[in-house]
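Have a look at the structure below before the remarks.
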Amino acid sequence: MNDTIDFTAFLEQYAFQAPCEVEHRESGMNNTTRMISSGMKRYVLRIYNNHKDANIVRLEHEVLAELQKQELPFQVPVPVRNKQGDTVCIANDGTLSALFHYIDGDRLSAANAAHISALGKTAALLTIALSEIEPIQKPLYSPYFSLEGTYMSMDGTTFLGMAERSPSLAARRSSLIELQEERQNLKGEYDAIARLPQQWIHGDLVFNNTVSQGEKIIGVLDFEFSTVDVRAMELAVIAVDLIKSDDPLCIANVKLLLEGYRQSFQLTEQELEKLPSLMKLRLLDVALHFASRFRDGLDGEDVLCGIIDQSAFGCKWLNEHWEDVKV
């Protein structure tokens, strides 16, 4: 076991077959992920780094259980029960972890046109599936349009004050100002956005949270941020993932995504009209989230600088190119 993290306490929660090995896998910003090989079976261990609220994980597992009742064209994670019969493990220091059966496949690529179209269609099918679930537990994450309530501690003054934290952030003062201006402008749209159709959404359906075999999507992962929000937000989150400063095909790729989505589900005219605003909400939410993490000492300035660059570019791109997407 070649890993800098001692996984003994996590592994002891389960009745694994020998031999048991831990394999390093790519982790996201919020969690640590490892592949567990036990006998002839494989699992994925997730350690939650960004919170210690077991109810969030239990809600995630309830959403997954609700989806398992349906005949889906793709797999969703299946939690494994530990020795106590629970799907959530709580370490002595409060750290949360969960084990899932492994879904074999490859991650999608935004450079693959077939994957972009397939992700649009999968998002539509997931929207339909999530509209039918009825979890007992209430949503624990606020909708994106409640941005100001979610980030009360990261108000405009605090956010702009990030420029005083380092020379690298000072060099991004103009981007911070532009993002804060977008934030102010969106406040006038929150009421109209809140009137759009709402339901349960995945909340973070991006390329890294899907699994493919060839050009087909066979798995959707990471339902940690599932909540009730405007349903068009699901599509907005993915569309933002396609806006890259070094990609000349942004317009074509976003169009391809929308076409894939429309193959299985049609949003209303009001939802389509607000889609660029929803995309800006996602960009601002990410910027404020990582500004908060930097303030709390969870990330280095390089992470926040990259997020500011991407969020500012995304908002500017929407202002300049959305009409081209609509054509």
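Brief remarks on what is shown
- Checked against the criteria, LEU179 counts as within 30 Å of THR157 (Cα to Cα), hydrophobic (A, V, I, L, M, F, W, C), modelled with pLDDT of 95 or more and buried (at least 19 other Cβ atoms within 10 Å of the Cβ).
- Tally of residues being within 24 Å of ALA170 (Cα to Cα) and either free of Cβ contacts under 8 Å to residues at least 12 places away in the same chain or in a helix (DSSP H, G or I) (or both) across the range 275-327: 36
- Residue that is free of Cβ contacts under 8 Å to residues at least 60 places away in the same chain, touching a helix residue (DSSP H, G or I) at 6+ places or on another chain (Cβ under 8 Å), among the small types (Gly, Ala, Ser) and outside any loop (DSSP other than H, G, I, E, B), where the choices are ALA239, ALA252: ALA239
- In this entry, ASP191 is excluded by the filter for residues that are closer than 16 Å to ARG282 by Cα and either touching a strand residue (DSSP E or B) at 6+ places or on another chain (Cβ under 6 Å) or not assigned by TED's automatic domain parsing to the domain that holds GLU71 (or both).
- When the range 131-159 is limited to residues that are part of a loop (DSSP other than H, G, I, E, B) and aromatic (Phe, Trp, Tyr), the one that is farthest from LEU281 (Cα to Cα) turns out to be TYR141.
- In the range 182-230, the residues that are exposed (fewer than 15 other Cβ atoms within 10 Å of the Cβ) and among the acidic types (Asp, Glu): ASP191, GLU215
- Any hit, the range 169-186, residues being more than 15 Å from ALA287 (Cα to Cα), in contact (Cβ under 8 Å) with a residue 24 or more places away in the chain and among the small types (Gly, Ala, Ser): no
The values are calculated or read from the model by the stated rules, or taken from the named source; none is laboratory data. Owing to the predicted nature of the structure, the values given are computational and were not obtained by experimental measurement. Don't worry about glycine lacking a Cβ; one is built from the backbone with ideal geometry, like all the others, and counts go over all protein chains shown.
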